[in-house]
1. Working only within segment 39-69, note down all residues that are within 16 Å of the ligand (Cβ to nearest atom) and either under 26 Å from residue 182 (Cα atoms) or in contact with a helix residue (DSSP H, G or I) (Cβ under 7 Å, 6 or more places away or on another chain) (or both).
2. What is the one condition in (1) more than 16 Å from the ligand (Cβ to nearest atom); (2) in the same structural domain as residue 131 (by TED's automatic domain parsing) that residue 26 does not satisfy?
3. Whether any residue in segment 129-140 is closer than 22 Å to residue 175 by Cβ, modelled with pLDDT of 95 or more and within 16 Å of the ligand (Cβ to nearest atom) is what I want to check.
4. Here are some residues: 209, 204, 200. Which one is part of a helix (DSSP H, G or I), more than 18 Å from residue 279 (Cα to Cα) and touching a residue at least 40 places away in the same chain (Cβ under 8 Å)?
5. For residue 84, are the conditions met, namely being more than 15 Å from the ligand (Cβ to nearest atom) and outside the structural domain of residue 230 (by TED's automatic domain parsing)?
6. Failed condition for residue 155, given (1) in contact with a strand residue (DSSP E or B) (Cβ under 6 Å, 6 or more places away or on another chain); (2) within 16 Å of the ligand (Cβ to nearest atom), with all others met?
7. Scan 235, 203 and give me the residue that is within 17 Å of the chain's Cα centre (by Cα) and under 26 Å from residue 131 (Cα atoms).
8. Return yes or no: is residue 113 farther than 15 Å from residue 280 by Cα, surrounded by 20 or more Cβ atoms within 10 Å (Cβ to Cβ) and over 16 Å from the mean Cα position of the chain (by Cα)?
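The values are calculated or read from the model by the stated rules, or taken from the named source; none is laboratory data. Since we're looking at a predicted model, the values are computed, not measured. Glycine also receives a Cβ, built like all others from the backbone with ideal geometry; neighbour counts cover every protein chain displayed.
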Ligand SMILES: [Zn+2]
């Protein structure tokens, strides 16, 4: 069953001062996500990119008297310890340290400090940082699942304030509960109805359909990296796995995801970006595999402009300015 990629374009007309007031037409392309039906607008030049590369050295350097609860000298004393159903007091894998979120967003909510360094730029992460961080988060999730078996779980990251991070020190956040999020519920329900209607997994169909197409980026082991037809945000890249249960913390898929993340971040950095979000959505049985989504955010700097405007905050509408068919081939060069 071929997946449908639906899009259509409308033109906005005006007399342009940039073209001696000739009548011009500016295209607005509307794309429909083949799984959820959510729409994305593709319009030109909407991303608020700064003209010069922002200098963030002062912001990301820890002063001598400055406290950072995620740095190695503090993390073992100043962060919370897990409740009794979690085996360890805190998780420790390589440079990663996992502990409960002092300000939880969900019934089960942790933080994984990723690095011993107080800050790393997006292009300075090594696959081992994400591999060990995910391992730490998965160890926590295995204990959570044994205790409570929540319906939804994800492992998430913001880097720098323009991506929503209030803490400089690189970290991830795990959330797990029976609520999920609006997007997770939307995706889960759509995955189920796709299975019911077509008798196969949407994601397997998508990978088969996209493998030789203009939106395919690369493969790392069994993980397929694709630029989604209807991106949710700027330079959206998805990593589709075939893992439909909570993976063992040592599963090779974790290393394969970690390698791909560092490749995407290197591409973002070369575009002049310094901030990103990602979410690794854990699988839930047939048709609902583990999928990672990663997006670029406005480069953080002294006078940055947020890329989350009224469309994002009020209308729940996605707006991007570079087509996935354009950046997919560029990102693939970083794999
Ligand atoms: Zn720190």
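1. 67, 68, 69
2. It is condition (2) that residue 26 fails.
3. Among the residues of segment 129-140, at least one is closer than 22 Å to residue 175 by Cβ, modelled with pLDDT of 95 or more and within 16 Å of the ligand (Cβ to nearest atom), which makes the answer yes.
4. Going through 209, 204, 200 in turn, just one is part of a helix (DSSP H, G or I), more than 18 Å from residue 279 (Cα to Cα) and touching a residue at least 40 places away in the same chain (Cβ under 8 Å): 209.
5. Here the answer is no, as residue 84 does not meet what is asked.
6. So residue 155 meets the others, but not (2).
7. Going through 235, 203 in turn, the sole match is 235.
8. yes
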